[in-house]
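Rule-based calculations on the coordinates, nothing more; no lab input. If you're wondering where the values come from, they're calculated on a predicted model, not measured in any experiment. Don't worry about glycine lacking a Cβ; one is built from the backbone with ideal geometry, like all the others, and counts go over all protein chains shown.
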Amino acid sequence: LIQLYMPLNFMGMVYREIKQGLIDMETMFALLHEPAEIADHPGAKPLRVENGVVKFENVSFAYEPGRPILKDVSFEVPAGKMVAIVGASGAGKSTISRLLFRFYELTQGKITIDGQNIKDVTQASLRAAIGMVPQDTVLFNDTIEYNIRYGRPDATPAEVREAARLAQIHDFVISLPQGYDSLVGERGLKLSGGEKQRVAIARTILKSPPILMLDEATSALDSHTEQEIQDALERVARERTSLVIAHRLSTVVHADNIIVLDEGAIVEQGTHAELLDKGGLYASLWARQREADEARERLAHALEED
Ligand code: ATP
């Protein structure tokens, strides 16, 4: 998927630039000859994860020159703890997850895992160490069983079912006429966003990575599904170093540390209670979300009464 994503992303960028008349054909061909994926450094070694401490040190980043997206960002995710990143749309939250996965090179600073700069390790070992639950999971055109087992191809059918159970998707799967043999993806059964995300969580449970990176779905889920996903995520995150990109603040209440981003810079950090006490940006984001949630509940209530 990553191998597919990068060239597509890259082609999209080239296409936009051509459309905007920003680059001429010659530049385009020069760009196309660049390797689309960031290559391993000569002599790159495999990452060795012992405790799984993730550290961003003075990280700055821009997708395009002259438009900084992250500005001097420093934070640590201690071993086995959960750190959440919050902030308004466009603040740079998902960019942090892309950088940890090394989709792009930093403009400045470094990211380390157990003291090893991710720039100096092989990408295969880096990506094997991080379990990524993306916002929008793309499933393979294959069975549900295959899609879950992808997390660890040598898993037994019993292990696949156990992972599905922990991810709260097992009961749904066995209610389907074909059960685990049901075809999903573009040509199969269309799963909802919440179901797809639970398949991705089951896959990650099987992979059992030392570091977990969750990019929460932006789309509003009904509160029952949201709670189920929440429980599933908490189970995977337990005892693992976890970085959560949170779009809905309800996720982060129990995080060990919450980092508040504003226009690419960290403006506050602390626990939920500490940040509410502070009465700063987090407190106002929280108040705004509460209002939006209450308005949604009132609307749902009114519709039920109609
Ligand atoms: P949201 O909550 O809406 O998902 P976010 O905080 O996760 O937002 P990012 O996706 O990190 O935000 O994006 C930060 C900024 O970087 C945005 O202004 C976005 O337009 C820009 N950006 C994201 N991806 C690219 C890209 N591939 N090329 C150029 N700019 C990009």
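Key figures for this structure:
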item	result
All Cα pairs of the chain, percent lying beyond 31 Å	36 percent
Environment charge of Val236, counting only residues whose C-beta is closer than 12 Å and scoring Lys/Arg +1, Asp/Glu -1	+3
Cα-Cα pairs of the stretch 59-146 separated by more than 17 Å (percent)	58 percent
Residues Arg288, Arg203, Arg127 arranged by fewest to most Cβ contacts within 10 Å	Arg288, Arg127, Arg203
Gyration tensor verdict on the stretch 207-306 (Cα atoms; rounded if a/c is under 1.5, prolate if a/b is larger than b/c, oblate otherwise)	oblate
Residues Thr122, Thr225, Thr95 arranged by fewest to most Cβ contacts within 10 Å	Thr122, Thr225, Thr95
For the stretch 246-291: rounded, prolate or oblate by the Cα gyration tensor [a/c cutoff 1.5]	rounded
Around Glu145: net Lys/Arg minus Asp/Glu count, Cβ-Cβ under 12 Å	0
Partner lysines for Lys196 [C-alpha distance under 18 Å; skip if fewer than 8 residues away on the same chain]	Lys207
Sequence-distant lysines (8 or more away, or on other chains) whose Cα lies within less than 26 Å of Lys110	Lys45, Lys55, Lys71, Lys81, Lys93, Lys119
Of the DSSP H helices in the chain, those whose Cα atoms cover at least 18 Å axially and whose Kyte score averages 0.5 or more	none
Ile96, Ile69 arranged by Cβ crowding within 10 Å, fewest neighbours leading	Ile69, Ile96
Test item: Cα-centred dipole of the chain, Lys/Arg +1 and Asp/Glu -1 on Cβ, debye	660 debye
Fraction of antiparallel bridges per DSSP, the chain only, in percent to nearest 5	50 percent
